[in-house]
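Remarks on the structure that follows.
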Amino acid sequence: IENDIDTYNSLDAETLGGRRMNVSLVGENLHHNDNSIYWTKKRSCKFSSYLKKKGHPRSKSLPPGDGGSREFDESEVDCVIHQEVEKLRKCVPKGEGIGFLGINQESDYRPDNEKDFWSYPNGMFQLGRYGPHRPEDRKTNLHFDFKNFIHNYEPSEWSYEVPEQKLNRCQIVDITDDTTGEVHSLAKKHTPIYVNEVGHNSKLHSNVLIRDKHDRSVYYYVGIDKEHAMKKGETVELLVHYGDHYEQVRERKGYGRSNMSEHLASDEEEGAKLRRNFHEREEVEMDISSLKVHEMFHLIEFLSEKIFDPIDNSLRRSFLENGCDGNSNLMRWRDLIVRRRLHWVGEKLSRRVQEYKADEQVNSNSEFMTSIIESLQKWQFVSMPTIINQLNQELSRNLYDELTEELLYQARSKLPSPLDGTIWCKLAVDLTRKTSIVLAKFLFCYLGSFNIRKQFLGNALLEQAKNYAMALRQGYNVVNDQKRKTTPDGDDEHISNLSFKSPRRKINREKLLEESNERMISLYNAPNTIRFGAAATMADIQAYYDAIELCGIDSYYVPGKTQKVSECDRSIVSYYTPDSSKNFIEQCPQFFWMARSVDAIKRGDAHTNEAWYLENQVFLVVYLLSSSCVDWEHSSEENGNESFSLEKLCEAIGLDQNNAKNAIARGAINPTWPEPDIAPVYSPALSDDAFAGRRGRRQSRQSTLSTAGRQLYHGPDYEFPGWNVKEVQRRSSRHVDRYFSHPDLPGIIVRSRTGVRTLLDYMNANNVGVRTAYVANQGHVQYFREVA
């Protein structure tokens with residue numbers, strides 16, 4: 001290059017499409033000044049004059065004898081400063097000069113072992129480039145979000161958003177391999193990926209800083225400040241802070257701010273993991289709903305070439321060449337999950353294609369549409385019934401977990417917060433998981449006539465429900481045995497099956513005390529909702545107060561003042577005999593039950609409510625999950641006998657049909673005390689169109705409150721304590737919109753979790769209330785809306 005191009009001048013390049021861009025060359029001694037930034041203005045001007053007169057010293061364009069072959073003599077563009085530098089260089093033996101100018105040697109420096117080392121904020125030294133390392137490491141947020149979902153959110157652990165846009169979209173620097181979702185080999189050769197982060201640990205200090213270069217490349221720099229100065233020979237771990245965009249990954253791993261302050265569980269707990277995954281699936285469906293034809297074409301092209309083709313070929317080779325019996329090393333379970341998620345995404349994209357076909361402005365016969373349809377047909381996982389029996393235990397377990405998530409996502413509007421131990425007892429969690437696996441096997445993994453499969457499926461579901469109802473009654477009889485003096489060790493299993501766990505959150509003092517006499521509020525006539533664990537603790541406190549009042553003695557402690565109160569660790573729903581007042585019964589549709597602590601059950605102070613568990617923890621799980629995933633109305637054989645129905649399920653578990661219908665009308669809502677506005681939940685499977693054919697970084701979506709949707713839930717949000725959430729399902733789709741509100745923000749609706757987190761982060765960082773945080777952030781109009 002240096003023989004043909006005058007590199008001292010700026011370069012222009014033109015692409016095949018005619019677009020122009022600036023080009024800069026990087027290398028050694030490009031301008032014959034050792035790339036020195038210390039050249040004076042006078043010397044630079046002399047060099048410019050030299051170029052105009054004689055051209056580039058090594059330019060082939062100059063004729064022989066006209067300076068083209070002459071070696072460059074720096075004295076021709078000399079200046080006073082350069083002369084001084086050269087004089088100093090001559091005093092240093094050749095090869096021993098150190099530093100940028102080479103005018104000093106090691107002997108010029110006096111060793112001082114007592115002197116501390118620190119450089120920041122005056123200076124930093126570069127640790128290396130984090131990314132990108134390859135052209136394909138730069139992606140639009142659309143392509144990255146789909147890749148991140150398909151690879152089970154692993155790429156989001158290794159990605160950054162940069163200021164520069166790509167194709168008018170946010171650009172993501174992603175250093176993971178497109179096929180595997182793991183960090184690619186080139187990135188592993190660079191130091192920055194091995195730097196851990198400080199997270200929210202106040203005992204750790206960040207000494208590595210993240211900086212963007214040219215708004216598109218991410219670099220790590222080491223900066224040791226004076227407060228953390230180092231002695232000679234001392235070592236320190238390099239730590240970085242990934243920023244707020246990494247918070248979702250922290251929460252999944254269990255060390256996010258909400259994990260520590262709000263007892264939010266990590267992905268190790270299935271209920272918390274499903275809640276996050278459901279949100280991601282909703283985001284994927286929302287992205288698909290807004291895709292234009294050309295955007296879908298390029299998205300499918302990317303996913304096919306980079307993920308589907310290599311994964312599908314790898315799986316085929318594994319089965320054709322080796323088989324998979326007993327040897328999990330022949331294939332990765334992650335590849336099976338990727339293959340299944342491509343199938344799921346393909347189904348959602350196919351529905352969008354049908355919308356294109358119905359649009360008169362879209363040419364259904366275009367090359368784009370033809371290519372899209374052909375690719376989506378290839379994505380169908382039609383071979384799953386053939387391979388499922390060849391998988392070893394690890395592979396089959398992970399694949400069934402993925403199918404379970406799909407089915408529970410489909411039923412989420414009727415069966416909220418599945419596998420969440422604070423909402424469902426252990427027996428109900430196990431029943432939900434096994435019912436999902438039974439459904440997955442018959443719907444996805446077995447061959448044969450669909451009607452015949454549904455016949456066997458109905459029988460399997462009824463048999464399973466019957467067994468769990470028997471287990472419930474057995475546990476009820478053992479726990480409520482009045483003849484026992486103590487609780488045998490064997491009873492712990494039955495108590496565990498019927499109990500709800502609690503994150504042990506602190507109970508708000510205002511929920512415990514009344515302003516008049518500092519007594520506890522009435523549990524069953526309160527407008528506020530109360531969790532199982534909180535209600536059980538409050539019931540125990542109420543029992544204490546009743547005993548104090550009955551005996552006529554003074555209380556020795558006041559809950560919330562003399563002793564902190566938290567939700568009890570485990571609770572069980574007991575039988576409760578309310579006041580016989582008709583008005584009381586009418587306004588409390590969930591009467592006759594009360595949450596009590598496990599200790600109260602063990603002492604015999606309360607008895608387990610068999611009917612409540614049978615209706616809410618067995619019947620609703622099986623019926624709502626089955627009716628949401630299977631169209632039983634068309635499952636009868638020629639003789640007209642249905643394989644599964646409400647009547648048959650009630651007969652199998654011994655439940656009165658009227659009680660079952662009342663339970664369906666109430667719905668499987670979160671465990672709260674009665675609210676006057678709770679409406680029956682909506683099931684996509686029962687609707688007319690049921691069977692119609694960052695660091696994840698997502699763009700903020702503006703949505704509006706719609707009265708056309710169905711309200712699924714309105715009450716306290718368990719992810720953000722102190723906030724209320726309204727969940728509304730759109731009439732034209734299965735998407736659920738969530739709108740958040742706070743008692744201190746009357747008339748203000750927060751449209752997304754991101755908006756709530758923005759306020760919480762500001763409150764924590766500035767130690768202010770929610771009203772002040774809103775005033776400071778109300779400029780983010782995409783998050784907030786005022787309502788009358």
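Structure values in brief
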| quantity | calculated |
| --- | --- |
| By accessible area with a 1.4 Å probe, ligands and nucleic acids excluded, highest first: order of L461, L760 | L760, L461 |
| Proportion of all alpha-carbon pairs of segment 143-215 beyond 19 Å (%) | 47 |
| All lysines inside 30 Å of K52 as judged from Cα atoms, apart from same-chain residues fewer than 8 positions distant | K41, K42, K60, K87 |
| log₁₀ of I(q)/I(0) at q = 0.10 Å⁻¹ - segment 188-345, Debye sum with one point per alpha carbon | -0.66 |
| Distance violations [Cα-Cα > 30 Å] among K53/K94; K253/K378; K94/K188; K213/K378; K166/K306; K454/K661 | K53/K94; K253/K378; K94/K188; K213/K378 |
| Of every Cα-Cα pair in segment 259-373, the percent that sits beyond 16 Å | 70 |
| Integer Hz, Karplus 6.51/-1.76/1.60 couplings in order for segment 190-203, x for Gly and Pro | 10, 4, x, 5, 9, 7, 7, 10, 7, x, 10, 7, 5, 7 |
| Carbon/sulfur fraction of accessible area - segment 71-213, other protein chains in place, 1.4 Å, % | 49 |
| Long-range HN-HN contacts of A595 with modeled amide H, under 5 Å | S574 |
| Peptide ranges 450-460, 494-504 listed from the most packed, as the mean C-beta count within 10 angstrom indicates | 494-504, 450-460 |
| Global geometry of segment 268-325, whether rounded, prolate or oblate, following the gyration tensor of its Cα atoms and the 1.5 cut on a/c | oblate |
| In sequence order, calculated HN-Hα J values of segment 370-380 (Karplus, 6.51, -1.76, 1.60; Hz; x Gly/Pro) | 4, 5, 4, 5, 5, 5, 5, 5, 5, 6, 4 |
| Translational diffusion of segment 408-463, µm² s⁻¹ [Kirkwood Rh, Cα pairs; Stokes-Einstein; 25 °C; 0.890 mPa s] | 199 |
| Under-5 Å amide H pairs with E197, H placed in peptide plane, nonlocal only | V240 |
| Portion, in percent, of the accessible area of segment 397-458 that falls on carbon or sulfur, probe 1.4 Å | 59 |
| Residues with amide H under 5 Å from that of Q105, placed H, sequence gap 5 or more | I98 |
| Label-point separation in nm, V382 to K53, each point 7 Å along Cα→Cβ | 7.9 |
| Translational diffusion coefficient (Stokes-Einstein; Kirkwood radius from C-alpha pairs) of segment 334-384 at 37 °C, 0.692 mPa s, in µm²/s | 279 |
| Distance histogram in 10 Å bins (all Cα pairs of segment 103-197, percent per bin) | 14, 34, 23, 13, 11, 5 |
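The values are calculated or read from the model by the stated rules, or taken from the named source; none is laboratory data. The shown structure was predicted, so the numbers you read here are calculated from the model rather than taken from an experiment. Virtual Cβ from ideal backbone geometry, glycine too; neighbours counted across all protein chains shown. Areas reflect the complete protein model, heavy atoms only, side chains present, ligands, DNA and RNA absent. Shrake-Rupley method; radii C 1.70, N 1.55, O 1.52, S 1.80 Å.
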